[in-house]
Amino acid sequence: MIVMADEAHRTQYGLGAKYSKDGETKYGYAKYLRDALPNASYIGFTGTPIDMSDKSTKAVFGDYIDVYDMTRAVEDHATVKIYYESHVIPLDWDKAELTEEVIEFLDNDLDENPDTAKYARLEALAGSAPRVKKLAEHFVEHFETSKG
């Protein structure tokens, strides 16, 4: 039996147990599918493979059988050429502009893991209302004045 999973990066994880705060053990769809079909061969199709500690397309499916990259897709006329234009919007902020929730969040110790706290704080700043407003203003101005 062969199982072919399209959009494999979305549903084929969760082989290991995760434990909720109330002690409940949960698994992902992948474990239940493999329990039901233990002798099947699995082939995953994805345009966006994932490589994280708890979700890895290669770890679940093995090495790639084939890679159809954007260069080949453009050559085949399956897609138009993609142009990337970098825009850097600094994380400068005026503390007076931040909402009380963001300020409180930034001032609190989030976790015993300082790296997690650092990135959570960075995410709070990056998504703060004043910065999102600056982003929107920047892109409106860019697209109104750009020739492309």
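We did not get these values from a lab; they are worked out from the coordinates using the rules stated. Note that the coordinates shown come from a computational prediction; the quantities given were computed from them, not determined experimentally. So basically every Cβ, Gly included, is an ideal-geometry build from the backbone, and we count neighbours across all protein chains shown.
Compute the Cα gyration tensor for region 1-100, then decide on rounded, prolate or oblate, letting a ≥ b ≥ c be the square roots of its eigenvalues: rounded whenever a/c is under 1.5, prolate when a/b is larger than b/c in the other cases, and oblate in all that remain. Don't jump to the answer; show the numbers that get you there.
Numbers: a/c = 3.74, a/b = 1.18, b/c = 3.16.
Note, shape of region 1-100 comes out oblate.
Here each label is just a point 7 Å from Cα along the line to Cβ, and for residue 144 and residue 29 those points are 4.3 nm apart.
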